Amino acid sequence: MTMRAWSFLSASLLAGLMLFALAASSQVPFAQWGDLLAPPAELTLDKIILAYSLFPRAAVALVAGAALGLSGALLQQLLRNPLADPSTLGISAGAQLAIVAATLYVPEIVDGHRTLVALAGAAGAAAIVFALGWRRAFEPVTMVVSGLLVGVTAAALSAAMTLARGEYLMSLVTWNGGSLSQQDWSVFQSLGLELVLLGLLAGLLIRPLLVLRLGDTSARSLGVNLGGIRFAIAAIATALAGFVASAVGLVSFVGLAAPAFVRACGARRPAAIVALSPLAGALFLWLCDGIVQTLARASSENFPTGAVTALVGGPLLLWLLPRVRSMEVPHEGRENVHRGNLKTAFAAFLVLVPVLVAIAFFVGPSGHGWKFLSWAETLDLAPLRWPRLLASAAAGGLLAVTGAILQRMTGNAMASPEVVGVSGGAGLGFAAALTFAPDGGTVVVFTGAGLGALIAMLAVLVFASRRHLPPEKLLLAGVAVGSFSSAVLSALLAIGDQRSWQILSWLGGSASTATPATAIFLGIFSLLVLAAALLLSRWLTILPFGPSIALSLGLSVRLSRVLLLLLSGAATGAASLLVGPLSFVGLVAPHIVLRAGLVTAPQHLAGSFLLGSILMALADFGARTATFPYELPLGLFAALVGAPYLIWLLGRHR
């Protein structure tokens with residue numbers, strides 16, 4: 001490494017030491033540090049806090065950062081992908097989901113077996129992502145898109161479970177954010193031992209890992225067991241992430257930042273990158289934790305360190321994105337889509353509407369199974385059921401028509417409000433409205449969510465156009481914006497005030513908050529959005545052919561995109577207030593409609609709107625009946641259908 005690299009590392013070490021010294025000296029003056037060697041019974045409370053909380057916290061930050069840095073470096077070298085790390089591949093989120101689920105529903109397993117639970121969750125998430133990547137030869141963008149979406153789904157499930165068990169709210173929120181707070185040296189001892197053992201195993205695999213870079217044919221000719229080596233390296237990287245998640249919670253993007261920093265400092269040899277990434281990761285996490293403690297003393301708000309490290313992830317992903325190999329995004333080519341009978345397709349959709357209404361109003365669970373409600377019972381429940389049914393259908397239609405608009409506008413068959421960062425931006429706008437206008441009411445919150453969605457989509461498109469990124473990388477730029485938004489929301493959740501409940505409720509989505517006024521508003525607004533989209537359908541027919549053809553036909557590309565973005569942002573903001581950031585209806589409905597044969601722009605838009613309304617109304621019925629008498633979050637229930645469809649979509653082509 002160059003002198004510049006060592007200067008950066010030295011500066012980071014000095015900054016970390018200064019922040020730690022500031023925190024420690026404010027607890028106990030330097031002159032009294034010699035007393036810390038005395039037995040605990042002879043120490044004052046401040047000295048006990050310093051000896052058994054601040055010092056172990058710094059040690060855990062260093063060890064956890066080193067483990068994540070090593071994990072990220074191994075994954076990047078294995079996959080030849082500078083975007084790979086436990087966060088972007090969904091491994092950390094899988095461990096998080098396993099521990100949250102075990103804590104809430106089988107707490108006896110967590111006691112004494114927490115690490116095994118975390119490892120099982122991490123291994124499950126890694127298995128899904130690697131299975132998808134194997135079908136595409138571990139292509140970089142496929143791996144990262146798959147991993148981030150698996151991670152988003154796991155995080156949404158964790159949030160929904162946490163919300164359902166309010167007595168665990170703040171402890172789980174803090175742990176989910178990656179808290180480094182310590183009470184003794186036990187975590188450091190166990191995590192340090194695990195890091196040393198796995199680090200030694202990784203050192204033994206450095207030479208085979210270097211041989212893998214020569215290509216499969218050359219590696220086989222040299223006698224390397226490709227499957228065994230790849231499995232061993234992936235297992236070590238997954239285990240490192242699982243151990244850290246078990247010890248301190250979800251700490252994001254350290255494994256992405258550390259190797260990127262080492263490469264930026266001039267390291268080029270894989271062995272040097274793997275060797276120095278643990279050092280860079282340790283310093284990075286220690287420095288972030290020092291910043292967190294400094295902010296805590298200044299503002300009296302204690303943010304989880306993992307939420308702060310995640311703020312680096314979105315910008316870092318955008319910076320690394322142009323350096324990644326491209327891929328062919330799965331899309332519905334003309335050879336796979338047959339023009340169907342318009343009347344037949346719409347008739348099939350319309351037949352479902354009265355059936356759905358009948359089920360929603362006349363069928364319901366009782367304490368002993370399902371039953372058909374009498375007319376009197378239906379009338380009694382109608383004032384409670386029709387607002388949520390109408391609001392859910394309207395929100396589903398808004399998301400689906402937005403997905404159809406985005407897919408046609410970007411030329412990307414996997415674009416949707418959830419994937420392109422629009423829903424994440426709506427979440428930031430929602431949180432900003434709660435922060436700066438807590439008494440503003442529905443209008444202010446709706447405006448904030450709409451503006452946030454619009455700004456997020458504009459940021460993604462501006463970045464993609466300036467970098468001349470192909471359409472498939474628009475996905476990754478959108479997911480980066482969504483990751484940044486999630487980090488901000490995690491930091492706000494950790495504050496623990498009323499916003500925590502409101503943000504958690506929004507993350508899961510619930511139609512139970514729908515009132516007659518909001519339902520009617522959403523219904524009318526969704527019809528207006530559909531009408532506007534149909535009026536602009538000519539633009540959506542022309543834009544997929546590229547800017548040159550659009551200009552030759554007299555269409556202003558910039559103006560058309562701005563107006564379509566305004567429409568998409570408003571629609572997503574309105575729908576997200578009810579559904580939350582994750583449902584995948586905006587992805588699933590346009591694809592199903594296209595495969596049904598509705599291929600022209602007006603048919604695609606109208607069919608997507610109808611199917612999205614039906615899917616979300618069905619999701620509302622399932623959310624309120626599947627776990628009766630308890631209610632599942634609406635967005636979560638819809639995602640249980642959408643996420644498997646997305647995984648199938650990613651993995652259906654070799």
Residue in the stretch 451-484 that is nearest to residue 579 (Cα to Cα), counting only those that are surrounded by 24 or more Cβ atoms within 10 Å (Cβ to Cβ) and at pLDDT 75 or above: 453
Failed criterion for residue 232 (all others in (1) over 26 Å from the mean Cα position of the chain (by Cα); (2) on the phi > 0 side of the Ramachandran plot hold): (2)
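Conditions (1) closer than 18 Å to residue 480 by Cβ; (2) among the basic types (Lys, Arg); (3) surrounded by 24 or more Cβ atoms within 10 Å (Cβ to Cβ); (4) at pLDDT 85 or above, marked per residue:
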{"position": "75", "(1), (2), (3), (4)": "yes, no, yes, yes"}
{"position": "78", "(1), (2), (3), (4)": "no, no, no, yes"}
{"position": "83", "(1), (2), (3), (4)": "yes, no, yes, no"}
{"position": "107", "(1), (2), (3), (4)": "no, no, no, no"}
{"position": "137", "(1), (2), (3), (4)": "no, no, no, no"}
{"position": "144", "(1), (2), (3), (4)": "yes, no, yes, no"}
Candidate set: the stretch 509-562, residues that are at pLDDT 80 or above and of a type in the set (Phe, Trp, Tyr); chosen: the one surrounded by the most Cβ atoms within 10 Å (Cβ to Cβ): 539
Unique residue being within 21 Å of residue 603 (Cβ to Cβ) and in the same structural domain as residue 620 (by TED's automatic domain parsing) when the list is 537, 552, 512, 556: 537
Test for residue 557: is it free of Cβ contacts under 8 Å to residues at least 12 places away in the same chain, among the β-branched types (Val, Ile, Thr) and within 15 Å of residue 461 (Cβ to Cβ): no
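The values are calculated or read from the model by the stated rules, or taken from the named source; none is laboratory data. Keep in mind the model is a prediction, meaning the values are calculated, not measured. Note that each Cβ is placed from the backbone with ideal geometry, even for glycine, and that neighbours are counted across all protein chains shown.
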